[in-house]
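Scroll down for the structure; my scribbles are underneath it.
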Amino acid sequence: MHEANPEITSSQVFRYLEIAAERVRAALPRFTYRMQNHSSINNIYPDADNDQWTSGFWPGQIWLAYVYTNDPVFKYAGLIQSENLLARIKAKVAVDHHDMGFLYTPSCTAAWAITGDEGAREAAILAADQMLTRFQEKGGFFQAWGPMGAPDNYRYIIDCLMNLPLLYWATKETGNPEYAEKANIHAATTLANSIRDDDSTHHTFYMNMETGEPVRGETCQGYDNNSSWARGQAWAVYGAAIAYRYTKDPKWIDVFNRVTAYFLKRLPEDLVPYWDLIFTSGDEPRDSSSGAIVACGLLEMSELVDKEESKALKSTARKLVAALTTGYAATGGTDGLLLHSTYSKKTPYNTCTPEGVDECVTWGDYFYLEALLRLHKPEWKPYW
(Lines give C-alpha, C1' and ligand atoms only; values in the text may rest on other atoms or scores of the structure.)
Protein backbone atom coordinates (compact mmCIF):
# COMPACT_ATOMS: atom_id res chain seq x y z
CA MET A 1 0.00 0.00 0.00
CA HIS A 2 1.34 3.41 -0.89
CA GLU A 3 1.60 5.44 2.29
CA ALA A 4 1.43 8.74 0.41
CA ASN A 5 -2.02 8.04 -1.02
CA PRO A 6 -4.61 10.26 0.69
CA GLU A 7 -7.66 9.11 2.61
CA ILE A 8 -11.03 10.44 1.53
CA THR A 9 -12.29 13.13 3.90
CA SER A 10 -15.75 13.28 5.42
CA SER A 11 -16.62 16.32 3.32
CA GLN A 12 -15.53 14.49 0.18
CA VAL A 13 -17.63 11.47 1.15
CA PHE A 14 -20.65 13.77 1.48
CA ARG A 15 -19.92 15.43 -1.86
CA TYR A 16 -19.65 12.16 -3.79
CA LEU A 17 -22.68 10.67 -2.06
CA GLU A 18 -24.68 13.70 -3.18
CA ILE A 19 -23.46 13.23 -6.74
CA ALA A 20 -24.18 9.50 -6.69
CA ALA A 21 -27.70 9.89 -5.29
CA GLU A 22 -28.55 12.49 -7.91
CA ARG A 23 -27.25 10.21 -10.65
CA VAL A 24 -29.44 7.37 -9.40
CA ARG A 25 -32.39 9.77 -9.33
CA ALA A 26 -31.66 10.90 -12.90
CA ALA A 27 -31.76 7.28 -14.11
CA LEU A 28 -35.19 6.51 -12.60
CA PRO A 29 -37.28 7.59 -15.63
CA ARG A 30 -35.61 4.89 -17.73
CA PHE A 31 -35.02 2.28 -15.04
CA THR A 32 -38.03 2.19 -12.74
CA TYR A 33 -39.81 -0.53 -14.73
CA ARG A 34 -36.74 -1.88 -16.54
CA MET A 35 -33.35 -3.15 -15.39
CA GLN A 36 -29.96 -1.82 -16.29
CA ASN A 37 -27.84 -4.09 -18.45
CA HIS A 38 -24.94 -5.66 -16.57
CA SER A 39 -22.50 -3.22 -18.21
CA SER A 40 -22.68 0.00 -20.15
CA ILE A 41 -21.89 0.64 -23.79
CA ASN A 42 -19.87 3.83 -24.17
CA ASN A 43 -20.78 4.50 -20.52
CA ILE A 44 -24.54 4.41 -21.20
CA TYR A 45 -26.53 1.48 -19.83
CA PRO A 46 -28.91 -0.21 -22.25
CA ASP A 47 -32.15 -1.20 -20.59
CA ALA A 48 -32.60 -4.93 -20.04
CA ASP A 49 -35.18 -7.52 -19.13
CA ASN A 50 -35.09 -8.88 -15.60
CA ASP A 51 -33.19 -12.02 -16.59
CA GLN A 52 -29.53 -11.32 -15.77
CA TRP A 53 -27.52 -12.42 -12.72
CA THR A 54 -26.80 -8.74 -12.07
CA SER A 55 -30.42 -7.57 -11.92
CA GLY A 56 -30.37 -7.02 -8.14
CA PHE A 57 -27.70 -4.33 -8.17
CA TRP A 58 -29.71 -1.53 -9.76
CA PRO A 59 -32.59 -1.94 -7.26
CA GLY A 60 -29.87 -2.11 -4.62
CA GLN A 61 -28.61 1.30 -5.67
CA ILE A 62 -32.14 2.66 -5.42
CA TRP A 63 -32.42 1.41 -1.84
CA LEU A 64 -29.02 2.81 -0.87
CA ALA A 65 -30.07 6.17 -2.31
CA TYR A 66 -33.27 5.95 -0.26
CA VAL A 67 -31.34 5.22 2.94
CA TYR A 68 -29.17 8.23 2.27
CA THR A 69 -31.84 10.73 1.18
CA ASN A 70 -35.11 9.40 2.67
CA ASP A 71 -36.73 10.63 -0.54
CA PRO A 72 -39.97 8.67 -1.17
CA VAL A 73 -39.35 8.62 -4.92
CA PHE A 74 -36.64 6.03 -4.30
CA LYS A 75 -38.92 3.95 -2.10
CA TYR A 76 -41.60 4.01 -4.81
CA ALA A 77 -39.17 2.83 -7.47
CA GLY A 78 -37.54 0.25 -5.19
CA LEU A 79 -40.85 -1.42 -4.40
CA ILE A 80 -41.72 -1.60 -8.10
CA GLN A 81 -38.45 -3.40 -8.66
CA SER A 82 -39.17 -5.76 -5.74
CA GLU A 83 -42.48 -6.69 -7.34
CA ASN A 84 -40.61 -7.37 -10.58
CA LEU A 85 -38.16 -9.64 -8.78
CA LEU A 86 -40.97 -11.47 -6.97
CA ALA A 87 -42.60 -12.17 -10.33
CA ARG A 88 -39.27 -13.44 -11.67
CA ILE A 89 -38.63 -15.97 -8.91
CA LYS A 90 -42.25 -17.18 -8.97
CA ALA A 91 -42.03 -17.78 -12.72
CA LYS A 92 -38.47 -19.22 -12.41
CA VAL A 93 -37.12 -16.88 -15.08
CA ALA A 94 -33.37 -17.44 -15.51
CA VAL A 95 -32.79 -18.57 -11.92
CA ASP A 96 -31.17 -21.98 -12.50
CA HIS A 97 -27.81 -20.88 -11.13
CA HIS A 98 -26.27 -19.95 -7.78
CA ASP A 99 -26.54 -16.15 -7.96
CA MET A 100 -29.70 -15.80 -5.89
CA GLY A 101 -27.83 -13.71 -3.34
CA PHE A 102 -26.59 -11.20 -5.89
CA LEU A 103 -30.13 -10.98 -7.21
CA TYR A 104 -32.17 -10.81 -4.02
CA THR A 105 -29.97 -9.54 -1.17
CA PRO A 106 -29.34 -5.92 -2.28
CA SER A 107 -32.87 -5.68 -3.68
CA CYS A 108 -35.46 -7.67 -1.75
CA THR A 109 -33.87 -8.32 1.64
CA ALA A 110 -33.05 -4.60 1.57
CA ALA A 111 -36.68 -3.73 0.75
CA TRP A 112 -37.90 -5.97 3.58
CA ALA A 113 -35.45 -4.50 6.09
CA ILE A 114 -36.26 -0.92 5.12
CA THR A 115 -40.02 -1.03 4.51
CA GLY A 116 -41.31 -4.34 5.87
CA ASP A 117 -42.77 -5.17 2.45
CA GLU A 118 -44.10 -8.74 2.60
CA GLY A 119 -43.71 -9.32 -1.13
CA ALA A 120 -40.00 -8.55 -0.91
CA ARG A 121 -39.63 -11.00 1.98
CA GLU A 122 -41.49 -13.68 0.03
CA ALA A 123 -39.27 -13.12 -3.00
CA ALA A 124 -36.08 -13.45 -0.97
CA ILE A 125 -37.22 -16.66 0.75
CA LEU A 126 -38.23 -18.18 -2.58
CA ALA A 127 -34.80 -17.22 -3.91
CA ALA A 128 -33.12 -18.94 -0.96
CA ASP A 129 -35.22 -22.04 -1.66
CA GLN A 130 -34.11 -21.91 -5.29
CA MET A 131 -30.48 -21.66 -4.25
CA LEU A 132 -30.79 -24.82 -2.15
CA THR A 133 -31.61 -26.73 -5.34
CA ARG A 134 -28.05 -25.98 -6.53
CA PHE A 135 -26.38 -27.73 -3.57
CA GLN A 136 -24.19 -30.74 -4.33
CA GLU A 137 -23.88 -33.15 -1.40
CA LYS A 138 -20.79 -34.79 -2.90
CA GLY A 139 -18.18 -32.11 -2.42
CA GLY A 140 -20.38 -29.83 -0.33
CA PHE A 141 -20.89 -26.81 -2.57
CA PHE A 142 -23.39 -24.82 -4.61
CA GLN A 143 -22.91 -25.62 -8.27
CA ALA A 144 -22.48 -22.33 -10.08
CA TRP A 145 -23.89 -22.94 -13.53
CA GLY A 146 -25.20 -25.55 -15.91
CA PRO A 147 -27.42 -28.60 -15.47
CA MET A 148 -27.03 -30.12 -12.03
CA GLY A 149 -24.40 -32.86 -12.05
CA ALA A 150 -23.13 -32.08 -15.56
CA PRO A 151 -19.50 -33.33 -15.59
CA ASP A 152 -18.18 -30.15 -17.21
CA ASN A 153 -19.90 -27.98 -14.62
CA TYR A 154 -19.35 -29.86 -11.37
CA ARG A 155 -17.78 -26.80 -9.79
CA TYR A 156 -18.30 -23.68 -7.72
CA ILE A 157 -16.81 -20.19 -8.03
CA ILE A 158 -15.29 -17.78 -5.54
CA ASP A 159 -18.13 -15.30 -6.16
CA CYS A 160 -20.55 -17.57 -4.29
CA LEU A 161 -19.27 -16.38 -0.92
CA MET A 162 -21.38 -13.28 -1.62
CA ASN A 163 -24.49 -15.39 -2.28
CA LEU A 164 -24.33 -17.10 1.13
CA PRO A 165 -25.72 -14.15 3.16
CA LEU A 166 -29.13 -14.75 1.59
CA LEU A 167 -29.13 -18.21 3.15
CA TYR A 168 -28.10 -16.99 6.60
CA TRP A 169 -30.85 -14.38 6.35
CA ALA A 170 -33.39 -17.05 5.37
CA THR A 171 -32.55 -19.16 8.43
CA LYS A 172 -32.97 -16.12 10.64
CA GLU A 173 -36.30 -15.23 9.00
CA THR A 174 -37.84 -18.70 8.87
CA GLY A 175 -36.17 -20.62 11.68
CA ASN A 176 -35.22 -23.35 9.20
CA PRO A 177 -31.57 -24.25 9.90
CA GLU A 178 -31.00 -25.90 6.51
CA TYR A 179 -30.18 -22.65 4.74
CA ALA A 180 -27.38 -21.73 7.13
CA GLU A 181 -26.13 -25.31 7.39
CA LYS A 182 -25.66 -25.53 3.63
CA ALA A 183 -24.04 -22.08 3.61
CA ASN A 184 -21.56 -23.21 6.27
CA ILE A 185 -20.68 -26.33 4.27
CA HIS A 186 -20.06 -24.32 1.11
CA ALA A 187 -17.96 -21.79 3.04
CA ALA A 188 -15.82 -24.61 4.45
CA THR A 189 -15.33 -26.09 0.97
CA THR A 190 -14.21 -22.71 -0.33
CA LEU A 191 -11.87 -22.29 2.64
CA ALA A 192 -10.29 -25.67 1.94
CA ASN A 193 -9.73 -25.29 -1.79
CA SER A 194 -9.94 -21.83 -3.29
CA ILE A 195 -6.96 -19.99 -1.76
CA ARG A 196 -3.63 -20.70 -3.42
CA ASP A 197 -0.38 -20.99 -1.49
CA ASP A 198 0.62 -17.48 -2.61
CA ASP A 199 -2.70 -16.10 -1.23
CA SER A 200 -4.23 -15.47 -4.65
CA THR A 201 -7.51 -17.20 -5.48
CA HIS A 202 -8.89 -19.61 -8.00
CA HIS A 203 -11.92 -18.20 -9.77
CA THR A 204 -13.57 -21.58 -10.21
CA PHE A 205 -12.89 -24.95 -8.59
CA TYR A 206 -13.85 -28.38 -9.92
CA MET A 207 -14.84 -31.24 -7.65
CA ASN A 208 -14.97 -34.98 -8.32
CA MET A 209 -18.62 -35.83 -8.88
CA GLU A 210 -18.13 -39.45 -7.77
CA THR A 211 -16.10 -38.92 -4.60
CA GLY A 212 -16.57 -35.23 -3.77
CA GLU A 213 -12.81 -34.75 -3.64
CA PRO A 214 -11.20 -31.54 -4.94
CA VAL A 215 -9.88 -31.77 -8.49
CA ARG A 216 -8.44 -28.48 -9.77
CA GLY A 217 -8.84 -24.74 -9.89
CA GLU A 218 -9.25 -22.81 -13.13
CA THR A 219 -10.29 -19.39 -14.34
CA CYS A 220 -13.04 -18.28 -16.66
CA GLN A 221 -12.58 -14.54 -16.47
CA GLY A 222 -9.00 -13.97 -15.36
CA TYR A 223 -5.99 -13.75 -17.68
CA ASP A 224 -5.09 -17.42 -17.33
CA ASN A 225 -5.30 -20.29 -14.85
CA ASN A 226 -2.23 -19.10 -12.93
CA SER A 227 -3.21 -15.45 -12.58
CA SER A 228 -5.59 -13.87 -10.10
CA TRP A 229 -8.68 -12.28 -11.60
CA ALA A 230 -9.12 -8.99 -9.75
CA ARG A 231 -12.85 -9.30 -9.11
CA GLY A 232 -12.47 -12.88 -7.92
CA GLN A 233 -9.85 -11.76 -5.40
CA ALA A 234 -12.18 -8.93 -4.38
CA TRP A 235 -15.06 -11.34 -3.80
CA ALA A 236 -12.69 -13.35 -1.60
CA VAL A 237 -11.85 -10.25 0.48
CA TYR A 238 -15.45 -9.21 1.10
CA GLY A 239 -16.65 -12.81 1.23
CA ALA A 240 -14.10 -13.75 3.89
CA ALA A 241 -15.21 -10.85 6.09
CA ILE A 242 -18.84 -11.89 5.73
CA ALA A 243 -18.01 -15.56 6.33
CA TYR A 244 -16.28 -14.59 9.56
CA ARG A 245 -19.27 -12.50 10.64
CA TYR A 246 -21.63 -15.44 10.23
CA THR A 247 -19.44 -18.43 11.18
CA LYS A 248 -17.12 -16.82 13.76
CA ASP A 249 -14.46 -19.26 12.55
CA PRO A 250 -11.10 -17.51 13.12
CA LYS A 251 -9.69 -19.22 10.03
CA TRP A 252 -11.62 -16.66 8.02
CA ILE A 253 -9.69 -13.81 9.68
CA ASP A 254 -6.47 -15.42 8.48
CA VAL A 255 -7.87 -15.88 4.98
CA PHE A 256 -9.13 -12.29 4.95
CA ASN A 257 -5.69 -11.00 5.92
CA ARG A 258 -3.97 -13.14 3.30
CA VAL A 259 -6.22 -12.39 0.33
CA THR A 260 -6.39 -8.71 1.23
CA ALA A 261 -2.61 -8.39 1.48
CA TYR A 262 -2.24 -10.04 -1.92
CA PHE A 263 -4.78 -7.67 -3.47
CA LEU A 264 -3.21 -4.56 -1.97
CA LYS A 265 0.36 -5.43 -2.93
CA ARG A 266 -0.70 -5.87 -6.57
CA LEU A 267 -2.24 -2.41 -6.89
CA PRO A 268 -0.73 0.25 -9.17
CA GLU A 269 0.28 3.63 -7.83
CA ASP A 270 -3.20 5.13 -8.05
CA LEU A 271 -4.64 2.16 -6.07
CA VAL A 272 -7.23 1.21 -8.70
CA PRO A 273 -6.67 -2.39 -9.81
CA TYR A 274 -6.19 -3.70 -13.29
CA TRP A 275 -8.74 -6.29 -14.41
CA ASP A 276 -6.32 -9.07 -13.49
CA LEU A 277 -3.80 -8.72 -10.68
CA ILE A 278 -1.04 -10.14 -12.87
CA PHE A 279 -0.88 -6.60 -14.24
CA THR A 280 0.43 -3.76 -12.06
CA SER A 281 1.27 -1.23 -14.79
CA GLY A 282 0.77 -0.64 -18.50
CA ASP A 283 -2.20 -0.22 -20.80
CA GLU A 284 -4.45 -3.09 -19.69
CA PRO A 285 -8.02 -2.10 -18.67
CA ARG A 286 -8.73 -1.33 -15.04
CA ASP A 287 -11.48 -2.83 -12.94
CA SER A 288 -12.56 -0.11 -10.56
CA SER A 289 -15.46 -2.30 -9.39
CA SER A 290 -12.94 -4.58 -7.66
CA GLY A 291 -11.57 -1.65 -5.70
CA ALA A 292 -15.08 -0.76 -4.55
CA ILE A 293 -15.79 -4.35 -3.46
CA VAL A 294 -12.56 -4.53 -1.48
CA ALA A 295 -13.27 -1.19 0.21
CA CYS A 296 -16.59 -2.62 1.41
CA GLY A 297 -14.85 -5.76 2.61
CA LEU A 298 -12.32 -3.75 4.60
CA LEU A 299 -15.10 -1.73 6.22
CA GLU A 300 -17.03 -4.92 6.99
CA MET A 301 -14.08 -6.54 8.74
CA SER A 302 -13.30 -3.29 10.56
CA GLU A 303 -16.52 -3.87 12.54
CA LEU A 304 -15.39 -7.35 13.63
CA VAL A 305 -11.83 -6.85 14.92
CA ASP A 306 -10.16 -4.95 17.73
CA LYS A 307 -9.83 -1.18 17.77
CA GLU A 308 -6.27 -0.97 16.44
CA GLU A 309 -6.90 -3.35 13.54
CA SER A 310 -10.18 -1.59 12.83
CA LYS A 311 -8.46 1.76 12.51
CA ALA A 312 -5.94 0.38 10.00
CA LEU A 313 -8.64 -1.27 7.89
CA LYS A 314 -10.74 1.89 7.80
CA SER A 315 -7.70 3.93 6.79
CA THR A 316 -6.98 1.59 3.88
CA ALA A 317 -10.63 1.64 2.83
CA ARG A 318 -10.61 5.43 2.85
CA LYS A 319 -7.57 5.41 0.57
CA LEU A 320 -9.24 3.04 -1.87
CA VAL A 321 -12.41 5.12 -1.97
CA ALA A 322 -10.39 8.31 -2.41
CA ALA A 323 -8.69 6.67 -5.39
CA LEU A 324 -12.07 5.79 -6.91
CA THR A 325 -13.31 9.35 -6.63
CA THR A 326 -10.18 10.63 -8.39
CA GLY A 327 -10.65 10.05 -12.08
CA TYR A 328 -13.08 7.14 -11.78
CA ALA A 329 -16.25 8.64 -10.30
CA ALA A 330 -18.72 9.58 -13.02
CA THR A 331 -19.97 13.15 -12.81
CA GLY A 332 -21.75 13.81 -16.11
CA GLY A 333 -22.63 12.50 -19.53
CA THR A 334 -22.94 8.87 -18.43
CA ASP A 335 -25.45 6.64 -16.67
CA GLY A 336 -23.18 4.98 -14.16
CA LEU A 337 -21.56 6.04 -10.93
CA LEU A 338 -18.11 4.51 -11.45
CA LEU A 339 -16.07 4.53 -14.66
CA HIS A 340 -13.36 2.16 -15.91
CA SER A 341 -14.63 -1.21 -14.76
CA THR A 342 -14.33 -4.49 -16.64
CA TYR A 343 -16.95 -7.22 -16.85
CA SER A 344 -15.01 -9.82 -18.87
CA LYS A 345 -11.96 -9.49 -21.10
CA LYS A 346 -11.10 -12.24 -23.57
CA THR A 347 -7.56 -13.59 -23.67
CA PRO A 348 -5.97 -16.55 -25.48
CA TYR A 349 -6.16 -18.47 -22.19
CA ASN A 350 -9.68 -17.94 -20.83
CA THR A 351 -13.18 -18.90 -21.91
CA CYS A 352 -15.13 -15.72 -21.25
CA THR A 353 -17.30 -13.68 -23.57
CA PRO A 354 -15.67 -10.26 -24.06
CA GLU A 355 -18.00 -7.49 -22.93
CA GLY A 356 -18.11 -4.49 -20.66
CA VAL A 357 -14.40 -3.69 -20.97
CA ASP A 358 -13.53 -0.21 -19.63
CA GLU A 359 -17.19 0.53 -18.92
CA CYS A 360 -19.54 1.12 -16.03
CA VAL A 361 -20.85 -2.09 -14.46
CA THR A 362 -23.93 -2.18 -12.30
CA TRP A 363 -22.30 -3.96 -9.34
CA GLY A 364 -19.38 -1.53 -9.44
CA ASP A 365 -21.85 1.32 -9.08
CA TYR A 366 -23.59 -0.54 -6.23
CA PHE A 367 -20.47 -1.28 -4.16
CA TYR A 368 -19.07 2.20 -4.75
CA LEU A 369 -22.30 3.64 -3.35
CA GLU A 370 -22.25 1.12 -0.49
CA ALA A 371 -18.69 2.10 0.42
CA LEU A 372 -19.59 5.79 0.47
CA LEU A 373 -22.69 5.12 2.59
CA ARG A 374 -20.68 3.00 5.04
CA LEU A 375 -18.19 5.85 5.47
CA HIS A 376 -20.90 8.49 5.84
CA LYS A 377 -23.15 6.49 8.14
CA PRO A 378 -21.07 3.97 10.11
CA GLU A 379 -24.08 2.81 12.13
CA TRP A 380 -25.81 1.59 8.95
CA LYS A 381 -25.84 -2.18 8.59
CA PRO A 382 -25.57 -3.69 5.10
CA TYR A 383 -27.97 -6.32 3.83
CA TRP A 384 -25.30 -8.93 3.08
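Simple spin-label model, 7 Å along Cα-to-Cβ: Arg196 to Thr174 in nm?
Those two pseudo-labels are separated by 3.8 nm.
Can you compute the modelled spin-label distance between Asp249 and Glu210, with each label point 7 Å from Cα toward Cβ, in nm?
It works out to 2.8 nm between the two label points.
When the accessible area of the chain is computed with all protein chains present and a 1.4 Å probe, what percentage of it is carbon and sulfur? Working shown, then result.
Working: 7220 of 14430 Å².
Solvent-exposed carbon and sulfur of the chain make up 50 percent of the total.
Pull up the cross-link candidates among the lysines for Lys90, meaning alpha carbon to alpha carbon under 26 Å and not fewer than 8 places away within one chain.
Lys75, Lys172, Lys182
Could you check the spin-label model distance between Lys138 and Lys381? Points 7 Å from the Cα along Cα→Cβ, value in nm.
4.1 nm
Taking 25 Å as the cut-off for C-alpha to C-alpha distance, list the pairs among Lys248/Lys314; Lys311/Lys377; Lys311/Lys381; Lys307/Lys381; Lys138/Lys381; Lys248/Lys307 that go past it. List each step's numbers first, then the result.
Numbers: Lys248/Lys314 21 Å; Lys311/Lys377 16 Å; Lys311/Lys381 18 Å; Lys307/Lys381 18 Å; Lys138/Lys381 35 Å; Lys248/Lys307 18 Å.
With Cα atoms farther than 25 Å apart: Lys138/Lys381.
For Thr351 and Thr326, FRET efficiency with R0 = 41 Å and r from the beta-carbon atoms, rounded to 0.05? It would help to have the intermediate numbers written out before the result.
Details: r = 34 Å, r/R0 = 0.83.
After rounding, the FRET efficiency stands at 0.75.
In whole Hz, with x marking every Gly and Pro, tabulate ³J(HN,Hα) for region 271-277 from phi via Karplus 6.51 cos²θ - 1.76 cosθ + 1.60, θ = phi - 60°.
Each residue's phi maps through the Karplus curve to give 6, 9, x, 6, 5, 10, 6 Hz.
Starting from the amide H of Cys352, placed 1.01 Å from N in the peptide plane, find each other amide H under 5 Å away whose residue is 5 or more places distant or on another chain.
Thr347
Go through (1) 0.93; (2) 1.03; (3) 0.96 and flag the label whose value is the computed Rg/Rh (Cα atoms, Kirkwood Rh) for this structure.
After the calculation, the listed value that fits is (1).
State the answer as a single residue: which of Gln52, Gly332, Tyr262 lies farthest towards the positive end of the charge dipole of the chain, with beta carbon charges of +1 for Lys and Arg and -1 for Asp and Glu, about the Cα centre.
Final value for the positive-end residue is Gly332.
Sort the following peptides by mean Cβ neighbour count (other Cβ atoms within 10 Å, averaged over residues), highest first: 304-315, 259-270, 162-173, 284-295. Kindly include the intermediate steps, with their values, before the conclusion.
Numbers: 304-315: 13.8, 259-270: 18.7, 162-173: 22.8, 284-295: 27.5.
Ranking, from highest mean packing down: 284-295, 162-173, 259-270, 304-315.
Would you work out the charge dipole size for the chain about its Cα centre, treating the Cβ of every Lys and Arg as +1 and the Cβ of every Asp and Glu as -1, and quote it to the nearest 20 debye? Kindly include the intermediate steps, with their values, before the conclusion.
On the way: 35 positive and 48 negative charges, 107 e Å.
So the dipole magnitude of the chain works out to roughly 520 debye.
Residue-wise, which Karplus ³J(HN,Hα) couplings in Hz belong to region 367-375, taking 6.51 cos²θ - 1.76 cosθ + 1.60, θ = phi - 60°, and x for glycine or proline?
After applying 6.51 cos²θ - 1.76 cosθ + 1.60, I find 6, 4, 5, 4, 4, 4, 5, 4, 5 Hz.
Determine the per residue accessible area of the chain with all protein chains present and a 1.4 angstrom probe, expressed in square angstrom.
Working: 14430 Å² over 384 residues.
Value for the chain: 38 Å² per residue.
The values are calculated or read from the model by the stated rules, or taken from the named source; none is laboratory data. Given the structure is predicted, the values throughout are model-derived calculations rather than measurements. Cβ atoms come from the backbone with ideal geometry, glycine included; neighbour counts cover every protein chain shown. We work out accessible area using only protein heavy atoms, side chains counted, and drop any ligands, DNA or RNA first. Shrake-Rupley method; radii C 1.70, N 1.55, O 1.52, S 1.80 Å.
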